[in-house]
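Q: Before I ask anything, let me first share the structure, which is written out below as C-alpha coordinates.
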Amino acid sequence: MSSPTMGGREGSLEAPTRHPLDWKNPEFYDEAALDKELERVFDICHGCRRCFSLCNSFPTLFDLVDASSTGEVDGVAKSAYWDVVDHCYLCDMCFMTKCPYVPPHPWNVDFPHLMLRAKAVKEKQGGHRFRDKLLSNTRGVGNIAGIPVVAEIVNAVNHSSIGRKLLDVTLGVDVTAPIPNYYSDTGTNRAKRASGRAMAVRPTDETRGKVALFVTCYGHRNEPQLPEDLAVVFEHNGIPVKVVGKEKCCGMPKL
Ligand code: SF4
Ligand code: SF4
(Lines give C-alpha, C1' and ligand atoms only; values in the text may rest on other atoms or scores of the structure.)
(Ligands and ions follow the chains in the order given, each with its own letter.)
Protein backbone atom coordinates (compact mmCIF):
# COMPACT_ATOMS: atom_id res chain seq x y z
CA MET A 1 0.00 0.00 0.00
CA SER A 2 1.24 3.51 -0.67
CA SER A 3 2.13 6.22 1.86
CA PRO A 4 -1.24 7.98 2.58
CA THR A 5 -2.36 4.95 4.52
CA MET A 6 0.81 4.34 6.50
CA GLY A 7 1.05 5.20 10.16
CA GLY A 8 -2.53 4.50 11.29
CA ARG A 9 -3.17 1.71 13.72
CA GLU A 10 -4.89 -1.46 12.53
CA GLY A 11 -8.63 -1.30 13.10
CA SER A 12 -10.74 0.57 15.61
CA LEU A 13 -12.66 -0.60 18.63
CA GLU A 14 -14.62 2.61 18.97
CA ALA A 15 -18.20 3.19 17.82
CA PRO A 16 -18.42 4.61 14.27
CA THR A 17 -18.84 8.34 13.91
CA ARG A 18 -20.47 9.73 10.81
CA HIS A 19 -19.35 13.10 9.56
CA PRO A 20 -22.02 15.02 7.65
CA LEU A 21 -21.54 15.35 3.91
CA ASP A 22 -19.85 18.66 3.11
CA TRP A 23 -22.18 19.21 0.16
CA LYS A 24 -22.26 23.01 0.41
CA ASN A 25 -18.51 23.26 -0.05
CA PRO A 26 -17.60 23.90 -3.74
CA GLU A 27 -14.72 21.45 -3.40
CA PHE A 28 -17.28 18.71 -2.80
CA TYR A 29 -18.07 18.88 -6.55
CA ASP A 30 -14.48 19.35 -7.73
CA GLU A 31 -13.62 16.32 -9.87
CA ALA A 32 -9.87 16.51 -9.21
CA ALA A 33 -10.46 16.61 -5.44
CA LEU A 34 -12.92 13.75 -5.76
CA ASP A 35 -10.44 11.66 -7.78
CA LYS A 36 -7.79 12.25 -5.14
CA GLU A 37 -10.08 11.05 -2.36
CA LEU A 38 -11.29 8.09 -4.44
CA GLU A 39 -7.70 7.04 -5.04
CA ARG A 40 -6.86 7.37 -1.33
CA VAL A 41 -9.83 5.28 -0.19
CA PHE A 42 -9.54 2.74 -3.02
CA ASP A 43 -5.92 2.23 -2.00
CA ILE A 44 -6.96 1.45 1.58
CA CYS A 45 -9.67 -0.92 0.33
CA HIS A 46 -7.23 -2.65 -2.00
CA GLY A 47 -4.95 -3.32 0.95
CA CYS A 48 -7.83 -4.56 3.07
CA ARG A 49 -10.30 -6.34 0.77
CA ARG A 50 -12.63 -7.32 3.62
CA CYS A 51 -15.68 -6.19 1.64
CA PHE A 52 -15.06 -8.39 -1.40
CA SER A 53 -18.37 -10.24 -0.92
CA LEU A 54 -20.71 -7.37 0.03
CA CYS A 55 -21.74 -5.99 -3.36
CA ASN A 56 -20.40 -5.57 -6.88
CA SER A 57 -18.48 -2.34 -6.15
CA PHE A 58 -15.63 -4.03 -4.33
CA PRO A 59 -15.04 -6.98 -6.72
CA THR A 60 -15.12 -4.44 -9.58
CA LEU A 61 -12.45 -2.36 -7.84
CA PHE A 62 -10.26 -5.33 -6.97
CA ASP A 63 -10.53 -6.75 -10.51
CA LEU A 64 -9.49 -3.37 -11.92
CA VAL A 65 -6.46 -3.23 -9.60
CA ASP A 66 -5.45 -6.84 -10.32
CA ALA A 67 -5.70 -6.26 -14.09
CA SER A 68 -3.71 -2.99 -13.99
CA SER A 69 -0.11 -2.77 -15.16
CA THR A 70 1.18 -1.87 -11.66
CA GLY A 71 -1.11 -4.15 -9.64
CA GLU A 72 -1.89 -1.08 -7.53
CA VAL A 73 -4.62 1.59 -7.58
CA ASP A 74 -2.28 4.01 -9.37
CA GLY A 75 -2.43 1.71 -12.40
CA VAL A 76 -6.23 2.02 -12.71
CA ALA A 77 -7.57 4.63 -15.15
CA LYS A 78 -9.58 7.34 -13.36
CA SER A 79 -12.38 6.84 -15.91
CA ALA A 80 -12.79 3.28 -14.62
CA TYR A 81 -13.57 4.58 -11.11
CA TRP A 82 -17.13 5.22 -12.32
CA ASP A 83 -17.67 1.48 -12.76
CA VAL A 84 -17.08 1.08 -9.03
CA VAL A 85 -19.35 4.03 -8.21
CA ASP A 86 -22.17 2.73 -10.42
CA HIS A 87 -22.28 -0.60 -8.57
CA CYS A 88 -22.85 1.00 -5.16
CA TYR A 89 -26.52 1.18 -4.20
CA LEU A 90 -25.77 2.77 -0.82
CA CYS A 91 -26.93 -0.04 1.43
CA ASP A 92 -24.38 1.19 4.02
CA MET A 93 -23.31 -2.35 4.92
CA CYS A 94 -19.61 -1.71 4.43
CA PHE A 95 -19.69 1.29 6.77
CA MET A 96 -22.03 -0.16 9.37
CA THR A 97 -20.83 -3.73 9.64
CA LYS A 98 -17.46 -4.32 8.05
CA CYS A 99 -15.03 -1.45 7.94
CA PRO A 100 -12.58 -1.03 10.84
CA TYR A 101 -11.31 2.23 9.36
CA VAL A 102 -14.41 4.37 9.69
CA PRO A 103 -14.13 7.54 11.80
CA PRO A 104 -12.91 8.05 14.50
CA HIS A 105 -10.12 5.90 12.99
CA PRO A 106 -7.61 8.35 11.46
CA TRP A 107 -7.93 6.77 8.00
CA ASN A 108 -11.44 8.19 7.93
CA VAL A 109 -12.97 5.74 5.43
CA ASP A 110 -16.64 6.30 4.67
CA PHE A 111 -17.07 4.37 1.45
CA PRO A 112 -20.85 4.95 1.02
CA HIS A 113 -20.51 8.71 1.55
CA LEU A 114 -17.70 8.81 -0.98
CA MET A 115 -19.85 6.96 -3.52
CA LEU A 116 -22.68 9.40 -2.82
CA ARG A 117 -20.34 12.32 -3.42
CA ALA A 118 -19.20 10.79 -6.72
CA LYS A 119 -22.82 10.32 -7.82
CA ALA A 120 -23.53 13.97 -6.92
CA VAL A 121 -20.54 15.09 -9.01
CA LYS A 122 -21.78 13.02 -11.95
CA GLU A 123 -25.25 14.53 -11.66
CA LYS A 124 -23.78 18.07 -11.49
CA GLN A 125 -21.82 17.35 -14.67
CA GLY A 126 -24.96 16.15 -16.44
CA GLY A 127 -23.48 12.66 -16.60
CA HIS A 128 -26.75 10.81 -16.09
CA ARG A 129 -28.45 9.75 -19.29
CA PHE A 130 -32.14 9.98 -20.13
CA ARG A 131 -32.54 6.22 -19.61
CA ASP A 132 -31.01 6.51 -16.09
CA LYS A 133 -33.47 9.24 -15.16
CA LEU A 134 -36.43 7.41 -16.65
CA LEU A 135 -35.71 3.98 -15.21
CA SER A 136 -34.99 5.40 -11.75
CA ASN A 137 -38.30 7.28 -11.72
CA THR A 138 -40.16 4.33 -10.25
CA ARG A 139 -43.25 6.27 -9.22
CA GLY A 140 -43.55 8.29 -12.45
CA VAL A 141 -43.13 5.25 -14.72
CA GLY A 142 -45.52 3.25 -12.53
CA ASN A 143 -48.19 5.95 -12.66
CA ILE A 144 -48.13 5.95 -16.48
CA ALA A 145 -47.62 2.22 -17.04
CA GLY A 146 -50.28 1.46 -14.43
CA ILE A 147 -53.14 3.34 -16.09
CA PRO A 148 -56.04 0.91 -16.73
CA VAL A 149 -55.76 -0.73 -20.19
CA VAL A 150 -52.25 0.78 -20.58
CA ALA A 151 -51.05 -1.63 -17.87
CA GLU A 152 -52.29 -4.67 -19.83
CA ILE A 153 -50.56 -3.42 -23.00
CA VAL A 154 -47.30 -2.62 -21.18
CA ASN A 155 -47.25 -6.03 -19.49
CA ALA A 156 -47.95 -7.83 -22.77
CA VAL A 157 -45.21 -5.89 -24.60
CA ASN A 158 -42.75 -6.45 -21.75
CA HIS A 159 -43.31 -10.19 -21.99
CA SER A 160 -42.92 -10.41 -25.75
CA SER A 161 -39.56 -11.03 -27.39
CA ILE A 162 -40.05 -8.03 -29.70
CA GLY A 163 -40.85 -5.79 -26.72
CA ARG A 164 -37.75 -6.98 -24.86
CA LYS A 165 -35.55 -6.32 -27.88
CA LEU A 166 -37.06 -2.86 -28.16
CA LEU A 167 -36.34 -2.18 -24.47
CA ASP A 168 -32.79 -3.39 -24.96
CA VAL A 169 -32.17 -1.15 -27.96
CA THR A 170 -33.90 1.98 -26.64
CA LEU A 171 -33.26 1.87 -22.88
CA GLY A 172 -30.45 -0.64 -22.51
CA VAL A 173 -32.53 -3.11 -20.48
CA ASP A 174 -30.95 -6.51 -21.04
CA VAL A 175 -33.36 -9.04 -22.59
CA THR A 176 -32.71 -11.47 -19.73
CA ALA A 177 -33.21 -8.93 -16.92
CA PRO A 178 -36.33 -9.59 -14.83
CA ILE A 179 -38.83 -6.76 -15.15
CA PRO A 180 -41.93 -6.28 -13.02
CA ASN A 181 -45.58 -6.27 -13.99
CA TYR A 182 -47.61 -3.08 -13.58
CA TYR A 183 -50.97 -2.99 -11.84
CA SER A 184 -53.74 -0.41 -12.07
CA ASP A 185 -55.35 -1.64 -8.83
CA THR A 186 -52.60 -0.21 -6.65
CA GLY A 187 -51.10 -1.59 -3.47
CA THR A 188 -52.26 1.57 -1.69
CA ASN A 189 -55.87 0.97 -2.66
CA ARG A 190 -55.69 -2.73 -1.87
CA ALA A 191 -54.14 -2.11 1.55
CA LYS A 192 -56.75 0.54 2.30
CA ARG A 193 -59.55 -1.86 1.42
CA ALA A 194 -57.96 -4.56 3.57
CA SER A 195 -57.57 -2.28 6.61
CA GLY A 196 -59.45 0.37 8.53
CA ARG A 197 -61.75 -1.91 10.53
CA ALA A 198 -62.90 -0.30 13.78
CA MET A 199 -60.97 -1.95 16.58
CA ALA A 200 -59.49 -1.00 19.92
CA VAL A 201 -55.84 -0.01 19.98
CA ARG A 202 -53.98 -2.13 22.54
CA PRO A 203 -50.53 -0.70 23.27
CA THR A 204 -47.94 -2.88 24.97
CA ASP A 205 -44.91 -1.89 27.02
CA GLU A 206 -42.83 -1.74 23.86
CA THR A 207 -45.26 -0.88 21.05
CA ARG A 208 -48.09 1.53 20.42
CA GLY A 209 -50.38 -1.23 19.23
CA LYS A 210 -51.02 0.28 15.78
CA VAL A 211 -49.18 0.45 12.47
CA ALA A 212 -48.60 3.14 9.84
CA LEU A 213 -48.03 1.35 6.54
CA PHE A 214 -45.73 2.84 3.89
CA VAL A 215 -46.65 0.97 0.73
CA THR A 216 -43.53 2.12 -1.25
CA CYS A 217 -43.43 2.82 -5.00
CA TYR A 218 -42.77 -0.81 -5.80
CA GLY A 219 -45.55 -2.05 -3.55
CA HIS A 220 -47.86 0.58 -5.03
CA ARG A 221 -47.64 -0.45 -8.70
CA ASN A 222 -45.52 -3.61 -9.03
CA GLU A 223 -46.22 -5.89 -6.05
CA PRO A 224 -49.60 -4.65 -4.75
CA GLN A 225 -50.37 -7.93 -3.04
CA LEU A 226 -47.53 -7.37 -0.55
CA PRO A 227 -48.99 -4.33 1.28
CA GLU A 228 -52.45 -5.88 1.00
CA ASP A 229 -51.30 -9.14 2.63
CA LEU A 230 -49.44 -7.21 5.32
CA ALA A 231 -52.54 -5.20 6.19
CA VAL A 232 -54.66 -8.38 6.34
CA VAL A 233 -52.17 -10.11 8.67
CA PHE A 234 -51.92 -7.13 11.03
CA GLU A 235 -55.66 -6.62 11.28
CA HIS A 236 -56.25 -10.37 11.68
CA ASN A 237 -54.01 -10.11 14.74
CA GLY A 238 -55.93 -7.15 16.17
CA ILE A 239 -53.42 -4.47 15.16
CA PRO A 240 -55.08 -1.54 13.35
CA VAL A 241 -53.37 -0.36 10.16
CA LYS A 242 -53.34 3.16 8.75
CA VAL A 243 -52.12 3.36 5.15
CA VAL A 244 -50.01 6.50 4.87
CA GLY A 245 -51.29 7.14 1.35
CA LYS A 246 -49.58 10.38 0.29
CA GLU A 247 -46.12 8.94 -0.19
CA LYS A 248 -43.47 10.44 -2.44
CA CYS A 249 -40.44 8.74 -3.93
CA CYS A 250 -37.71 8.37 -1.29
CA GLY A 251 -35.08 8.77 -4.04
CA MET A 252 -33.39 5.43 -3.42
CA PRO A 253 -33.60 4.20 -7.07
CA LYS A 254 -31.75 7.34 -8.17
CA LEU A 255 -28.77 6.46 -5.99
S1 SF4 B 1 -22.79 0.97 0.63
FE2 SF4 B 1 -22.28 0.61 -1.52
S3 SF4 B 1 -20.17 -0.12 -1.51
FE4 SF4 B 1 -20.95 -0.34 0.59
S5 SF4 B 1 -21.72 -2.47 0.70
FE6 SF4 B 1 -23.45 -1.13 0.15
S7 SF4 B 1 -23.54 -1.19 -2.09
FE8 SF4 B 1 -21.50 -1.92 -1.47
S1 SF4 C 1 -14.66 -0.27 3.08
FE2 SF4 C 1 -13.27 -0.66 4.83
S3 SF4 C 1 -13.53 -2.87 5.30
FE4 SF4 C 1 -14.35 -2.51 3.24
S5 SF4 C 1 -12.66 -3.01 1.84
FE6 SF4 C 1 -12.63 -0.78 2.24
S7 SF4 C 1 -11.22 -0.50 3.95
FE8 SF4 C 1 -11.79 -2.67 3.91
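The values are calculated or read from the model by the stated rules, or taken from the named source; none is laboratory data. Since we're looking at a predicted model, the values are computed, not measured. Every residue, glycine among them, receives a Cβ derived from its backbone with ideal geometry; neighbour counts consider all protein chains shown. Remember, those area values only see protein heavy atoms, side chains included, never the ligands or the DNA or RNA. Shrake-Rupley method; radii C 1.70, N 1.55, O 1.52, S 1.80 Å.
Q: Please verify whether Leu226 is open to solvent by 90 Å² or more (accessible area, probe 1.4 Å), free of Cβ contacts under 8 Å to residues at least 60 places away in the same chain and within 25 Å of the chain's Cα centre (by Cα), treating the condition exactly as stated.
A: In short, yes.
Q: A follow-up question, please. Please tell me if Val85 is touching a helix residue (DSSP H, G or I) at 6+ places or on another chain (Cβ under 6 Å), of a type in the set (Val, Ile, Thr), within 13 Å of ligand 2 (Cβ to nearest atom) and modelled with pLDDT of 95 or more.
A: Spelling it out, it is not the case that Val85 is touching a helix residue (DSSP H, G or I) at 6+ places or on another chain (Cβ under 6 Å), of a type in the set (Val, Ile, Thr), within 13 Å of ligand 2 (Cβ to nearest atom) and modelled with pLDDT of 95 or more.
Q: Would you mind listing the helices (runs of 4 or more DSSP H) fully within segment 181-255 where at least 1 residues are farther than 17 Å from Gly146 by Cα and of a type outside the set (S, T, N, Q)?
A: 187-194, 225-236
Q: Can you name every residue in segment 73-82 that is within 16 Å of ligand 2 (Cβ to nearest atom) and either part of a helix (DSSP H, G or I) or under 16 Å from the mean Cα position of the chain (by Cα) (or both)?
A: Within segment 73-82, Val73, Tyr81 meet the criteria.
Q: Here's something else I'd like to know. Provide a single number: the residues in segment 159-178 that are surrounded by 15 or more Cβ atoms within 10 Å (Cβ to Cβ) and either modelled with pLDDT under 95 or not in a helix (DSSP H, G or I) (or both).
A: 1
Q: Check off (1) within 17 Å of Arg49 (Cα to Cα); (2) open to solvent by 30 Å² or more (accessible area, probe 1.4 Å); (3) within 13 Å of ligand 2 (Cβ to nearest atom) for Cys91 and give me the number that stays unchecked.
A: (1)
Q: Give me the residue from segment 135-155 that is among the hydrophobic types (A, V, I, L, M, F, W, C) and open to solvent by less than 60 Å² (accessible area, probe 1.4 Å) and, out of that set, nearest to the chain's Cα centre (by Cα).
A: The extreme case among them is Val141.
Q: Let me ask you something else. For segment 198-221, which residues satisfy the criterion of being closer than 30 Å to His113 by Cβ and open to solvent by less than 60 Å² (accessible area, probe 1.4 Å)?
A: Val215, Cys217, Gly219, His220
Q: Filter segment 11-49 down to the residues that are open to solvent by 90 Å² or more (accessible area, probe 1.4 Å) and under 21 Å from Met93 (Cα atoms), then identify the one that is farthest from ligand 2 (Cβ to nearest atom).
A: Only one residue fits best here, namely Pro20.
Q: A further question on this structure: For segment 94-132, give me the residue count where each residue is closer than 22 Å to Cys48 by Cβ and either within 11 Å of ligand 2 (Cβ to nearest atom) or open to solvent by 30 Å² or more (accessible area, probe 1.4 Å) (or both).
A: Summing the residues that are closer than 22 Å to Cys48 by Cβ and either within 11 Å of ligand 2 (Cβ to nearest atom) or open to solvent by 30 Å² or more (accessible area, probe 1.4 Å) (or both) in segment 94-132 gives 23.
Q: Name, by its number, the condition in (1) open to solvent by 30 Å² or more (accessible area, probe 1.4 Å); (2) part of a helix (DSSP H, G or I) that does not hold for Ser69.
A: (2)
Q: Please count how many residues of segment 81-133 are within 14 Å of ligand 1 (Cβ to nearest atom) and touching a Ser or Thr at 6+ places or on another chain (Cβ under 6 Å).
A: 4
Q: Please specify each residue of segment 11-53 satisfying the condition of being under 17 Å from Glu72 (Cα atoms) and outside any helix (DSSP H, G or I).
A: The one that is under 17 Å from Glu72 (Cα atoms) and outside any helix (DSSP H, G or I): Arg49.
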